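Reading through the C-alpha cells given below for one structure.
The values are calculated or read from the model by the stated rules, or taken from the named source; none is laboratory data. Please read these numbers as outputs of a predicted model, since none were measured by experiment. Note: ideal-geometry Cβ built from the backbone for every residue, glycine included; neighbour counts use all protein chains shown.
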Amino acid sequence: MARILVIEDDKNLRLTIDDVLTGAGQHVTAAVSAGDGWDRFSAAHFDLALLDIRLPDGSGVDLFSKIRSVDPNMPVILMTAFPDASAAVAAMKAGATDYLIKPFDLDELLVTVSKALEVSQLKHLVASQRRLAGAAASEIIGESEVVRQVRDLISRVAPASNTTVLVLGETGVGKELVASSIHAQSPRAAKSIIRLNCSAIPENLLEAELFGVERGAFTDARESREGLLQMADGGTLYLDEIGDMSLALQPKLLRVIEDKTYRRLGGRREFVADIRILASTNHDLAAAVAAGRFREDLYYRLKVMVIHVPPLKARGNDILLLARHFLRRFGSERGRTNFSLSPETEQRLLSYHWPGNVRELRNLLERAVLLAPSDTITPDLIVLDTPTLGPPDNGNASLSAAEKRHIFSVLARAGGNKSRAAEVLGISRSTLKEKLKEYGGEMIL
C-alpha cells in the first residue's frame, strides 16, 4: 500500500480520484488547496503526490518546486487542463514524474500512478543496493596488503556477472562476506543472493533443495516446489563448503554452470538458470580431485576466478582494526559506545595465532563486551589458550596433546557450548563429540 497525497480543488474530481486509488489498495490523503496540501505534506511521509497545476490560492508548479526541495525523490504527477499543458511540460523538465491532461480516463490514472510507483521503488532499490555494495566492501575491514588485494580482486571480478568465482580460505576468515561483496557490487545486485551450505544438508535432501521437486517425485512430494536455483533467478547462488558436495550431485551442478539449464527432481521440463554461481571451501580441492572425491571438470569450471582470503594471523594490525569494529558493533547494541582496548589487551590480541580467525575474534569480543565492568577491555576479559575443561595432558608435547589443549580451550571460551565450539573449530558437532570422547571429555558431552 502506497501513501498518496492528492491536491485538487475540484471536489468531484478529488473524490473520484480518492475512490479509485483507495479501491486499488492505496492510502489516500486529500487536500483542497496549495496551503492545505503543503500542510499535509509537511505533516506526514508520502510515496507519491498528484498535484493540480491551478489551485485557488497559488500555483501548483510553485508548490511542486517546494515539495521537490524537501523530498527530491518523491514522484509527483501533475494534473492540468489542456490549455495548461505547456506548464506541465515545463514542470516535467524540472523533475516532475508525469502529467495527466483533464479530463483523463480513470484507467489512465491507475496506469500512470502504478508506473510512477514502480519506477520510484526501483530507484529506491538501486540506491539501497548501492549502499549495500559500499557497506559490504567496507565490512571487509583492513589496511594490510593482503586485504587490499582481496578488495581489489572483488572490484575487478564483480562486474563480470556470469563469471564463477571460487573463494578459498580457512574456516572463519570471512568467505561469505567476500561472496556478499561480489554480489553487492555486481550488475545482479538488485536481485537476491541465495546461500546454501552444502555440508549442512543431508546428501539425500541437497538435490531437492537445490533443484526443486516436481509433485510425485517421491512419497512425500505432494506438490511441486521450486529450488534455490529458481529462487536465485537473475541473482547469485552462493554454495558454501562446495567440497562437501557429493560426487553424484556434482555433474548436475556442472551442467547448470555450462548449459545454464536444469530439471527439478522427478521432472522433465527444462528450466533456464539465469544466475551467477559463487562457491567457497576450506578444503584443498586440488587434493580432493587427486583423491577422486571431487570432479576435475567441475573444479576447473569453478576456479575461473579464485580469491584466497588470508587467515587473520597474516593480517597484522588489521586484528586491532577488526577488534575495534566489533567493540563498536556490540557496544552500540547495548547502548555503550565508548569501548576501547587497553595497551596490554592489544598486545595480547596481536600475539595470538587465531585458529578460529575472524569468527573467533568476533565471538571473543562479544563476550568481552558482555562481561566488561567498564569501557576498557582489559586482558582478563580476553581468554586465550587457557583450558578449563577436560583432564590435564601431563605435559605431553605431542600433536594430539596440542589438539586436545586447543579443543578444550575453544570449548571453554564458548562457555561449554559444543555447537559454537564446533563452529569456531571448523568441525561438525559430531566430530567434536568424538574428539571429546577420545580425549577423556565424556563428562561434558
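A few notes on this one:
- Residue within region 227-241 that is surrounded by fewer than 16 Cβ atoms within 10 Å (Cβ to Cβ), under 18 Å from the mean Cα position of the chain (by Cα) and over 26 Å from ARG359 (Cβ atoms) present: yes
- The listed residue being under 15 Å from LEU109 (Cβ atoms), more than 42 Å from the chain's Cα centre (by Cα) and assigned by TED's automatic domain parsing to the domain that holds VAL119, out of THR16, THR22: THR16
- LEU100 being at pLDDT 85 or above, touching a strand residue (DSSP E or B) at 6+ places or on another chain (Cβ under 6 Å) and not charged (D, E, K, R): yes
- Residues of region 253-269 classified as assigned to a loop (DSSP other than H, G, I, E, B) and surrounded by fewer than 15 Cβ atoms within 10 Å (Cβ to Cβ), total: 3
- Only one of GLY95, GLY142, GLY172 that is touching a Gly at 6+ places or on another chain (Cβ under 7 Å) and at pLDDT 70 or above: GLY172
- Residue match in region 341-355 (condition: closer than 15 Å to LEU321 by Cβ and exposed (fewer than 15 other Cβ atoms within 10 Å of the Cβ)): yes
- Criterion applied to GLY35, GLY25 was being among the small types (Gly, Ala, Ser), surrounded by fewer than 18 Cβ atoms within 10 Å (Cβ to Cβ) and assigned to a helix (DSSP H, G or I), and the one residue passing it is GLY35.
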